[in-house]
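What follows is one structure encoded as structure tokens, with my remarks underneath.
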Amino acid sequence: MMAGTKLDVIWSPVHLDKFIIWGPDITLYEVARLKDIEKKTAYTQISSTRGATVLASQSASGVRCVDISAIAEQPDPLLALGHSNGRVSLTSLKQTYDPLGLVGREFVPRYPRLCNSVSWSHVETNLLSVALEKHRSDHCILVWDVNRGLLPDESTIEVASPSTSSEPARPIAEMGLSETCHNVSWTNSPDRTLLASMNMKYIKIFDLRDLSNKAVMVTTTRHCYGACADPFSPWQIASRGDGCVCVWDARAFDRPLLTLSVPSATKIQWCPTRRNLLMSLQRDSTTLRLHDIQQANNDYKNGQPTDLQAPAMAVEAELEEYSRGVSVIERDVTPGCGRLASFSWHPAHAVRTLCVAPGTITDYTVCERVTCSWGSGLVWSAGGGALKLMKDDFYEAIDDISFKMRRRALTDYGLKPDMWQNADLADDEALGGLWHFLALSKSLVEDGCIRNSPWRHPGVCTVLRAPGDGGYRSELVPSLLPDLPSRRVTLYRSAERTRALQLCGWGWGWENAGAGVERAEAEGTPCRAAALAAFHLRLRTALDILARAAAPQLRVVALALAGLSEERLWRESLSAAAPALPDAYLRALLHFLAASSSAQQHAAPPDLSAHAAPPDLSAVLNETEMRLEDRVAFACMYLSDARLHEYIQQSAEQLVQRGDLAGILLTGMGASGVTLLQRWLENTGDVQSAALLAARCLPADLIPTAWLDSYRCILDSWQLWWARCALDTWVSQNDSNAEGVPRQVSVACTYCGKSVAAPAGQNRPRPAFARLPPPAAKMKQISSCPNCRKPLPRCGVCLLHLGTGAAGAGGGGGAGASFAGWFSWCVACRHGGHAHHMAGWFKEHSECPVSSCSCRCSSLDAPDRH
């Protein structure tokens, strides 16, 4: 295949693994999987899994058009070749058995002229149409029956001499006298319909069911070339012209339904496996354009074609309304084979196309334009009118956040009264740690350990004010390691640091930290337990923990720590060995011991003004694999005020920027905490946890309503009404300034339509000399509408008016009455009564208590899932 040569590609309609490419030569290819192609066989790779091998080839000299037959009996593709003199010949490139005797047949027009197009019918596979140039004494469209003229058994008859040969085959239909036909194409309709592009200005549709009286439909357009019919809708036609592609409806053939801007289109073809999908190719383009026609196949007037006898104005109005419903979605696809020469849709495989460029063949599958929707799961269109639903095991396998949120919602996650109870339901380590911290901070505020906090859940930044103006000043406490008197460290103490240590779960002194060390060892983290013991100056305890560890390498580390001394060689070896340890707590432990100074450095009383430079503990704080609370607590014990404030602020900014939930330890549930949660929500999509944390922990003025609204919509779509109600309850309880939730539902009077609740003016103080004030017992009971004074309905059980006291109910029916006296009625029969009486009645009966009503009210309610 040479560059600049006209090329075309055609799939065989019945041999689904074979296609031809024709240009200077006609070559037949067979497609197979790469693993199925025999070794040492020359092939062309057309995709990542398929290759094409050449079966046969012949010269295409003088050939102007080609088409492949849909005759299933042929063992190999049967080609119809249109020549420059008008002759059409049938050939099979591969010399095999010819059961029908069609190979070698020729069909010759009465007068020689150019053959522009040939087309096999895929419905009546014996019909072959030919488009010819103009001749003043002949037709330009000829339809041949390739089986006509065949002898019953040609092998038993001697070949006749030219003088005695039978008369040449004649076409069964002829159209277009003294006209020019540029292109012919059969539709897939069983009505034997032929499309033709003629005279550079007409598209004609020929009905060949009655050859003696051929019906013709005509439209005039200069965009008449390449007319072809949709395989799914024979009345839907496409054509191309100068700068555009037109889509027509044969039932309304006076104007196109759509005019698509496609500059210099060289080929158009409908997809045979996907409804309403048209593909076009532009000259010298590397992309193919897909035109997805929307609603073009919807029959107006409930599927009935337009009545041709109807008034012209009515038909025009109907067509105008229909045309407004047609639209198109266009997109370009790039097969990636360079400048395209031609393409061909596969006749059976969904949206698979073969693209040809000079020197390249590409087997390309067009990705569907998928429409997704979220209901009970992810649903998307799968083509052919089918919908697919993603199964739950897929969401679980990919750890989908929506699947996790629904599973949590079913377990009342976030709604438990004690915050620590929600930690296990979160099924996430970071979320679980956050719920535990919130429970701790809440308890510290309620117990009075942390006072004057602007938030109910303060963080370390809240209790550690900036040193200096209005801040605090810490006390320096030089301390010896009890188990190693030669080593000495400096501790810092203040009330603010103590509260920060409590938030970190440490507390001040070994009395508070010892339980945490034992708990860490019991949880199977001996390295953390040893580090916490060493940070609290209990080196002997740390060595004992490592000695009890199951891992042998930890015992070796204990041996190394036992030889702690002031020798420079030992200290340098200790620092050099720390990076090789696999656990961050062990590395931090070695860095801490190496940074501690000897007792001689602290022989003189400490003087803040002339104190020696503090040891460099940055190596301990840089071990980010340690838990944040452990690093912050270590900093609260060993860093000076200025360095501590700098470290806390810098760490808080980094954690907020990353959206790390551990940063709530520093920010607390305040304004900075909202920013952190928003960044975390953007990273994870877990709007459930964000909404629940906001509803339970944030003050009302800081709650982002978007979080709550989004989670409410999700709960509504899942029909989890209990979780939705509990969420709204937490929100209302959280708003301490709210005066109460306004009434959402009220009982209206049948006569005047106004609420039967007592008007607001009833609670106003009465004038001093008001006559005959109602008795106190009557103040809470109403038996008539307070607006129109019409009587309220009667209870179906006690026959008293609703609103009066329900006997045995324990309360009246006025505003603020207990549930037993509430109005209750059936939405089907409209009968009802006091709620207490209705509940008692339906414990023993299934029908309505009203004698004339047979409604089974109690069976109408769905069972309560909770």
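The values are calculated or read from the model by the stated rules, or taken from the named source; none is laboratory data. As the structure is a computational prediction, the values presented were derived from the model and not from experiment. A quick note on method: Cβ atoms are made from the backbone with ideal geometry, for glycine too, and the neighbour counts reach across all protein chains shown. SASA here: full protein model, heavy atoms, side chains in, ligands and nucleic acids out. Shrake-Rupley method; radii C 1.70, N 1.55, O 1.52, S 1.80 Å.
Between amide H atoms placed 1.01 Å from N, distances below 5 Å from Cys855 occur with Cys848, all of them 5 or more places distant or on a separate chain.
Both radii were evaluated on the Cα set of the stretch 167-280; the Rg over Rh quotient, with Rh as the Kirkwood radius, amounts to 0.98. The share of accessible area on the stretch 1-135 that comes from carbon and sulfur is 48 percent, using a 1.4 angstrom probe. The alpha carbons of the stretch 219-272 occupy a box of 26, 26, 15 Å along the principal axes, longest dimension given first.
Model label sites at Ala386 and Asn787, defined 7 Å from Cα along the beta-carbon direction, differ in position by 5.8 nm.
Along the stretch 36-45 the Karplus relation, 6.51 cos²θ - 1.76 cosθ + 1.60 evaluated at θ = phi - 60°, assigns HN-Hα couplings of 8, 6, 5, 5, 6, 9, 6, 8, 10, 6 Hz to successive residues, with x for each Gly and Pro. Computed 3J(HN,Hα) for the stretch 654-662, one whole-Hz value per residue from the Karplus formula 6.51 cos²θ - 1.76 cosθ + 1.60 where θ = phi - 60°, is 5, 5, 5, 5, 7, x, 8, 4, 4, glycine and proline marked x.
Net charge near Thr750: determine it from the other residues with C-beta under 12 Å of the C-beta of Thr750, scoring Lys and Arg +1 and Asp and Glu -1.
On the way: positive: Lys754, Lys790, Arg830; negative: none.
Once all neighbours under 12 Å are counted, the net charge is +3.
Could you tell me the relative contact order of the stretch 169-218? Use alpha-carbon pairs under 8 Å, at least six residues apart, and round to a whole percent.
Values: 74 pairs, mean separation 12.8, N = 50.
26 percent.
For the stretch 349-359, 3J(HN,Hα) computed residue by residue from phi via the Karplus equation (6.51, -1.76, 1.60; θ = phi - 60°) reads 7, 4, 6, 9, 10, 10, 10, 10, 10, x, x Hz, glycine and proline entered as x.
Multiply the residue separation of Ser373 and Ala397 by 0.36 nm, subtract the distance between their alpha-carbon atoms, and state the gained length in nm to one decimal. Don't skip to the end; give the middle numbers.
Details: separation 24, 0.36 × 24 = 8.64 nm, distance 2.04 nm.
6.6 nm is the gain from fully extending Ser373 to Ala397.
The listed peptides 715-723, 386-394, 23-31, ordered by packing as a protection proxy, come out as 23-31, 715-723, 386-394 (highest mean of other Cβ atoms within 10 Å first). Given their separation in residues at 0.36 nm each and the Cα-Cα distance between them, Ala550 and Arg830 gain 93.4 nm when the chain is fully extended. With both labels modelled 7 Å from their Cα along Cα-to-Cβ, the Gln654 to His801 distance reads 7.5 nm.
Is the shape of the stretch 1-74 rounded, prolate or oblate, going by the alpha carbon gyration tensor and its root eigenvalues a ≥ b ≥ c, with a/c under 1.5 for rounded and a/b larger than b/c for prolate? Walk me through the numbers on the way to the answer.
On the way: a/c = 2.14, a/b = 1.31, b/c = 1.64.
Because a/c hits 1.5 or more and a/b fails to exceed b/c, the stretch 1-74 counts as oblate.
Figure note: Arg493, Arg658 ranked by solvent-accessible area, largest first, 1.4 Å probe, ligands and nucleic acids not counted: Arg658, Arg493.
For the stretch 52-157, the pair-distance distribution built from all alpha carbon pairs, in bins 5 Å wide starting at 0, is 2, 12, 22, 23, 19, 13, 7, 2, 0, 0 percent. In the stretch 1-144, Cα pairs under 8 Å separated by at least six residues give a relative contact order of 16 percent. Once you order the gyration tensor axes a ≥ b ≥ c over the Cα atoms, which shape class does the stretch 345-436 get: rounded for a/c under 1.5, otherwise prolate or oblate by comparing a/b with b/c? Cα axes put the stretch 345-436 in the prolate bin.
The solvent-accessible area of Arg255, taken with every protein chain present and a 1.4 Å probe, is close to 110 Å². Treating each Cα of the stretch 627-716 as an identical point scatterer and summing with the Debye formula, the log10 of I(q)/I(0) at q = 0.13, 0.22 Å⁻¹ comes to -0.48, -1.02. Taking a straight Cα-Cα cut-off under 25 Å and skipping sequence neighbours fewer than 8 places away in the same chain, the lysines within cross-link reach of Lys94 are Lys6, Lys18, Lys35, Lys39, Lys40.
The residues of the stretch 1-90 expose, per residue, 47 Å² of accessible area to a 1.4 Å probe.
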